[in-house]
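One structure below.
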Amino acid sequence: MTANTDLETIERDLLARVGAANDEATLEALRVEALGKQGSISALMKNLGSMSPEERKEFGPKLNGLKDRVTEAIVVKKATLAEAALDAQLKAEAVDVTLPPVKPRSGTIHPVSQVMEELAQIFGEMGFSVEEGPDIETDFNNFTALNFPPKHPARETHDTFFMDAKDERGERKVLRTHTSPVQVRTMLKQKPPIRMICMGRTFRKDSDATHTPMFHQIEGLVIDETSTMADLKSVLIAAIKAYFEVDDVKLRFRPHHFPFTEPSAEVDVGCDRSGGQIKIGAGDDWLEILGSGMVHPNVLANCGIDPEKYQGYAFGMGIDRLAMLKYGMNDLRAFFDADTRWLKHYGFSPYLLPGLAQGVG
Ligand code: PHE
């Protein structure tokens, strides 16, 4: 029968073309041509309607069989092509793991960044969040709100860099002389309880082996209804022990004066200087490392916090000095020379981030 011969020819032709299709686009075009709405097999299907019942009985199943076989061949071919494409991609992107590693990068983490990371870990574990503030501050945030009397010479004792630019109060802007203005910023935008640290650059007109005009501080502030000087002590002792990784570290709280804390204490750490180098933990000597105290009621009031209801403590430490003490550098100025030999010697691997579990440094 001609119709049968035709079907066989059509099937042979289509299957041969499916077999020859080398990419998914060709295969898809073929599918549309044969099985799509306007496709050749679909056209034959439509013809069934005009056939006699006998013809239809014989022709129908054959046509359906043809349709099924062509459909299946296309599906199988499609999967084969997809697999081949993936194989080709994997081959093209293959990495030869037997090759020697790429030369390690020579960049290192600066000790100041490393120490900041260590401190963030230590205070983070104690529930402190991290706040930030700008290097260029208003006189209000750097001094007035912190209970420095207006126009008081204390502003000069910080060896302040004053700027020509004025703030909205008409006062000279300053390069912040400490991180304490971030206390002010935090209290102005956040209600107690507050438990934060802030780390960053600070500036004073000073330069010798242990002073650079730009240096780094960490500030801590806790404001709630109950925190006391005892809490300040215990937090600082825990932090210093964790930082220096020594258990028998001694701290001495010495009365002092800051306008923004009352009472205030400077804190010395026990050390040994007998070998020419400072060793933290052992020995009979003392080294001053930080300033601290209970936040002055005037500061709370200046920042919109009710001093009758809230109280708390603050502390400030030099980060660069902490780095020098732990990692044994003796000239601070080298920190900021950008000498790659120094960085190579004192820098840290970017792959070894500090964590309390594996040690902070
Ligand atoms: N801001 C002080 C300084 O730079 C340190 C300090 C911070 C003291 C917080 C008390 C409380 O010297």
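Using the per-residue mean of other Cβ atoms lying within 10 Å as a proxy for protection, in what order, highest first, do the peptides 262-273, 177-188 fall?
Most protected by this proxy first, the peptides run 177-188, 262-273.
Can I get the semi-axes of segment 111-346's equivalent ellipsoid? Compute them from the C-alpha gyration tensor as square roots of 5 times the eigenvalues, in angstrom, largest first.
Sorted largest first and rounded, they come to 28, 23, 16 Å.
What is the spin-label model distance, in nm, from residue 248 to residue 38 if the labels are put 7 Å beyond Cα along the C-beta direction?
Result for the modelled spin labels: 9.4 nm.
How do the peptides 130-142, 107-119 rank, highest first, by the average count of neighbouring beta carbon atoms within 10 Å per residue?
Result, highest mean Cβ count within 10 Å first: 107-119, 130-142.
Can you tell me which lysines have their Cα less than 18 Å from the Cα of residue 344? Leave out same-chain residues fewer than eight positions away.
103, 326
Picking from 44, 89, 9, whose Cα lies most toward the positive end of the charge dipole for segment 7-92 (charges on Cβ: Lys, Arg +1; Asp, Glu -1)?
The residue sitting farthest along the positive end of the dipole is 44.
Filter the chymotrypsin sites (Phe, Trp or Tyr not before Pro) in segment 275-361 to those in DSSP coil with at most 13 other Cβ atoms within 10 Å of their Cβ, and list the result.
Those satisfying the criteria are 351.
Could you give the size of the charge dipole of the chain about its Cα centre, using +1 on the Cβ of each K and R and -1 on the Cβ of each D and E, expressed in debye and rounded to the nearest 20?
360
Compute the semi-axes of the equivalent ellipsoid of segment 35-183, taking the square root of 5 times each eigenvalue of the Cα gyration tensor, and list them largest first in whole Å.
Working: eigenvalues 1399, 150, 43 Å².
The answer is 84, 27, 15 Å, longest axis first.
Taking Cα centroids, how far is segment 14-50 from segment 127-195 in Å?
Distance between centres, Cα-based: 78 Å.
Any idea what Rg and Dmax come out to for segment 7-92 if you just take the C-alpha atoms, in Å?
Cα radius of gyration and Dmax of segment 7-92 are 15.6, 58 Å respectively.
So for segment 191-267, considering every pair of alpha-carbon atoms, how many percent are separated by more than 19 Å?
Details: 1570 of 2926 pairs.
Tail of the P(r) past 19 Å holds 54 percent of the pairs.
Every number in this text was worked out from the coordinates using simple rules, so none of it is lab data. Given the structure is predicted, the values throughout are model-derived calculations rather than measurements. FYI the Cβ positions are ideal-geometry reconstructions off the backbone, even for glycines, and counts take in every protein chain you see.
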